[in-house]
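*Asks:* Pasting a structure below so you can have a look.
The values are calculated or read from the model by the stated rules, or taken from the named source; none is laboratory data. The structure displayed is predicted, hence computed values, not measured ones. Neighbour counts run over all protein chains shown; Cβ positions are idealised from the backbone, glycine included. Side chains are part of the model used for accessible areas, which takes the heavy atoms of the whole protein and leaves out ligands, DNA and RNA. Shrake-Rupley method; radii C 1.70, N 1.55, O 1.52, S 1.80 Å.
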Amino acid sequence: MTTPAEAGPAAPSVAEIVVRLRPVVFATPTATGVHVRGWSSSFTVSGGAGVWKVWQVLARHLAGGLTPQRLAQPAGRPEVDRVIRLLLDQLREHDMLVEVPAGWGDREEPDLPPADLARWLESVAADPAAAWQRLRSTTVTVAGTGPVATSAARTLTGAGLTVDPVGDATTQDTVVWAGDAAVAARCLSEIGYVTPVAPPEQALAHGAAVAARLSRETGPALADASVTPALAALIGAAAAHRIVCAVAGLPDPAEEAATLPGGEPAAPGPYYPSVLVARLDPVRATYHPWLPAARVPLPGAPSDIDAVGLRLEALSDPELGVLPPAVPGDLPQLPAMLALAGPVLGVAATADAARVDATLRYAETVLGLGVPSGDGDARDAGAEDGAGSAAHWTETAAIGVDARHASGAALRRLVHAVHSRLDTDPVPEAEWAGEPAARRWWKALTLRFAVPARVVARRLPAGAVHAEIVTDAGPLAWAVEATAADAVAMAALAATGVAQARAAGVEVPAGPASLTGAAPTWRPADQHLAPWTDDSWYWPAGVIDNEERLQTALRAALTADGATLTVRPVVPVAASPADAGHEAEPDADSVVHALAVTGFASQGFRWTDSATADSATASRGA
């Protein structure tokens with residue numbers, strides 16, 4: 001019972017702040033409680049059928065708004081109060097409550113937004129009143145003519161902003177900006193786009209670059225196509241939406257779906273500035289990473305195979321990526337996993353690793369990397385006669401998912417290029433023939449594909465092993481690893497993948513193939529391992545554990561006889577379109593920037609033999 005004076009709270013004044021349930025929150029009764037869901041999270045409270053009745057009363061009061069003081073008051077019986085406190089705590093934790101001025105969305109007053117706009121801000125903004133004040137005090141300029149500009153201006157006006165239309169015909173893009181926040185938008189017959197928020201000059205540059213990127217598919221007619229009214233309305237409204245969010249301090253629409261309340265990512269992996277690309281037949285609008293607007297991340301990008309796969313998706317986005325996506329297509333996937341990035345073949349023991357291998361090889365082809373160079377003849381690139389050349393120096397470079405992978409690949413290529421000039425010892429067959437991985441891939445090559453090959457394995461100084469798969473016609477594949485078994489298995493896997501692809505009709509360039517244990521691979525968590533499995537089931541997952549020790553051994557082997565090893569900057573050499581197998585390859589700068597912002601690394605080395613090193617030292621002394 002309450003006294004008459006306490007029977008009902010007085011009507012709140014406009015200056016009062018009330019706590020409300022966000023309009024996007026809904027609830028469903030369960031057998032023992034209630035399940036509450038919001039825009040991007042949900043929770044369940046159990047405790048009996050009475051929990052749903054408590055929720056119904058609480059939700060009804062929160063829909064109208066309660067002052068913080070009223071929420072803090074006890075709710076009568078202790079057991080009911082405990083349920084209310086639990087529900088309120090969960091609502092706050094999942095960002096389902098919001099504070100707004102009293103009368104928000106319910107009154108027609110100059111200081112309050114219209115009902116529909118108030119409901120939207122109440123759903124998405126951390127502070128709807130502050131967001132509304134920023135919107136109503138901002139003037140937005142819409143530069144452009146045509147239906148896209150008309151749609152953008154109409155949407156901005158509906159959001160409470162003052163619009164200054166400018167009929168600018170100097171660019172094909174409609175530019176919408178407020179202060180330093182701008183987007184460029186363009187609509188064509190069946191495709192349109194909206195760039196990420198940036199300063200006006202950058203937005204214009206992004207718009208032109210996006211149009212050029214999309215014209216790879218649509219051709220030169222991209223700029224001259226007629227505008228579809230429905231698509232123009234979508235593109236104009238989307239451009240306005242991004243500017244409204246930027247002005248109001250809300251998350252960008254492309255970022256909103258990737259972020260949970262509190263700033264936690266909804267999915268693992270990086271976020272990149274995104275372009276909205278809309279198409280007709282059927283109507284669809286999706287955000288795609290736009291790497292030219294991204295910044296180079298800090299070192300230490302995740303290098304496990306799942307994270308690398310997400311980075312590959314940005315690098316090879318089907319709409320705006322700089323590299324073609326690596327796909328298995330209709331290639332056979334047994335015994336080796338295969339993928340093609342353009343015409344470049346990737347081989348691995350797992351599908352994800354094959355995609356990584358194909359994409360990085362394609363990038364190296366576009367940039368003119370991957371093949372050792374020197375001041376002698378072709379032996380430095382792996383000539384098959386086994387004879388050393390007169391080269392005094394040799395350089396190699398590689399691209400990897402991280403610095404360790406790039407260094408490991410470049411060092412392996414350098415060792416392979418000069419191994420005939422190193423002091424090596426033969427490795428007996430018994431050292432690798434009994435190991436499961438080496439035996440499996442050797443049998444796949446020689447029995448399944450009937451390749452008449454033999455293994456030449458040699459131990460390098462400091463203990464690493466160089467293995468080469470050769471036939472009478474020349475070398476098929478090679479590998480350098482910490483153990484003979486891993487080296488032979490890697491080389492045999494590479495040779496098997498090439499033989500498998502050629503049997504399927506793929507034109508694989510001549511020359512020995514190679515794989516590296518420095519690349520990331522998949523392995524299930526220990527709690528998910530089947531009891532009858534061992535490490536050989538998941539090979540090459542454990543090979544990378546030896547990588548630090550192996551790279552130390554390779555550096556020691558390369559400098560054992562007085563030779564020098566120096567780190568070299570990686571200077572891309574743009575390949576011709578015929579070399580890369582594509583009619584319109586991206587320029588080297590675009591590929592280098594895209595690799596950098598997605599966390600991929602490059603590494604180069606120069607090896608100088610002892611005679612040249614001594615000569616250089618003497619010259620410096622003189």
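*Asks:* Please list, ordered by chain and number, the residues whose modelled amide H lies under 5 Å from the amide H of ALA182; skip anything fewer than 5 residues away on the same chain.
*Replies:* ALA198
*Asks:* Name the residues whose placed amide hydrogens come within less than 5 Å of the amide hydrogen of GLY374, ignoring near sequence neighbours (fewer than 5 apart) on the same chain.
*Replies:* For GLY374, whose amide H was placed from the backbone, the distant partners under 5 Å are GLU395.
*Asks:* From the phi of every residue in region 21-26, what ³J(HN,Hα) in whole Hz does the Karplus formula 6.51 cos²θ - 1.76 cosθ + 1.60 yield, where θ is phi - 60° and glycine or proline is x?
*Replies:* Working through the residues one at a time gives 7, 4, x, 8, 9, 9 Hz.
*Asks:* Taking R0 as 60 Å, what's the FRET efficiency between LEU447 and SER226 from their Cβ-Cβ distance, rounded to 0.05?
*Replies:* According to the calculation, E is roughly 0.45.
*Asks:* Another one. Mind giving me the FRET efficiency for ALA285 and LEU334? R0 is 35 Å, r the Cβ-Cβ distance, nearest 0.05 is fine.
*Replies:* Calculated value: 0.35.
*Asks:* Now a separate question. HIS405: accessible area at probe 1.4 Å, nearest 10 Å²?
*Replies:* Here the residue's solvent-accessible area equals roughly 10 Å².
*Asks:* Mind ranking 84-92, 100-108 by how tightly packed they are, going by the mean number of other C-beta atoms within 10 angstrom, highest first?
*Replies:* Final packing ranking: 100-108, 84-92.
*Asks:* Could you derive backbone 3J(HN,Hα) for region 539-548 from the dihedral phi with the Karplus parameters 6.51, -1.76 and 1.60 (θ = phi - 60°), listing whole Hz in sequence and x where the residue is Gly or Pro?
*Replies:* Calculated HN-Hα couplings, in order: 4, x, 4, x, 5, 5, 5, 8, 5, 4 Hz.
*Asks:* If I compute solvent accessible area with a 1.4 Å probe over the protein chains, what percent of it on region 1-159 is carbon and sulfur?
*Replies:* That fraction is 57 percent.
*Asks:* Express in nm, to one decimal, how much length is gained between ALA473 and VAL327 on full extension, taking 0.36 nm for each residue of separation and deducting their alpha carbon distance.
*Replies:* Between ALA473 and VAL327, full extension yields 49.5 nm more.
*Asks:* Ordering TYR271, TYR538 by how much accessible area each has at a 1.4 Å probe, largest first, what is the list? Provide the component values of the computation, followed by the final result.
*Replies:* Details: TYR271 95, TYR538 40 Å².
Reading off the accessible areas and sorting them downward yields TYR271, TYR538.
*Asks:* Can you give the FRET efficiency to the nearest 0.05 for GLU108 and ARG37, using r as the Cβ-Cβ distance and R₀ = 30 Å?
*Replies:* 0.40
*Asks:* To one decimal place, what Kirkwood hydrodynamic radius in Å is obtained for region 301-375 from all pairs of distinct Cα atoms? Show your work: numbers first, answer last.
*Replies:* Working: mean 1/r = 0.0782 Å⁻¹.
That comes to 12.8 Å for region 301-375.
*Asks:* Continuing with the same structure: Peptides 333-343, 483-493: what's the order by average Cβ count within 10 Å, highest mean first? Please list the in-between numbers first.
*Replies:* Numbers: 333-343: 20.2, 483-493: 28.2.
Highest to lowest by the protection proxy: 483-493, 333-343.
*Asks:* Can you list the residues, at least 5 places off or on another chain, whose amide H is less than 5 Å from the amide H of ALA513, using H built in the peptide plane?
*Replies:* ALA477, TRP478
*Asks:* What does the extension gain come out to for GLN172 and SER46, with contour length at 0.36 nm per residue minus their alpha carbon separation?
*Replies:* Once the chain is fully extended between GLN172 and SER46, it gains 39.6 nm.
*Asks:* Hey, another quick one. Just to confirm a number: summing +1 for Lys and Arg and -1 for Asp and Glu over residues other than VAL45 whose beta-carbon lies under 13 angstrom from that of VAL45, what do you get?
*Replies:* +2
*Asks:* Measuring from centroid to centroid over Cα atoms, what is the spacing of region 151-208 and region 442-465 in Å?
*Replies:* 60
*Asks:* Mind grabbing the accessible area of ARG82 for me, 1.4 Å probe, Å², rounded to tens?
*Replies:* That residue has around 150 Å² of solvent-accessible surface.
*Asks:* If we count every other residue with Cβ under 12 angstrom of ALA130's Cβ, Lys/Arg +1 and Asp/Glu -1, where does the sum land?
*Replies:* Values: positive: ARG134, ARG136; negative: GLU99, ASP127.
Every neighbour counted, the sum reads 0.
*Asks:* Each residue of region 323-328 in turn: what ³J(HN,Hα) in whole Hz from Karplus with 6.51, -1.76, 1.60 and θ = phi - 60°, glycine and Pro shown as x?
*Replies:* So the Karplus estimates, Gly and Pro as x, are 10, x, x, 7, 10, x Hz.
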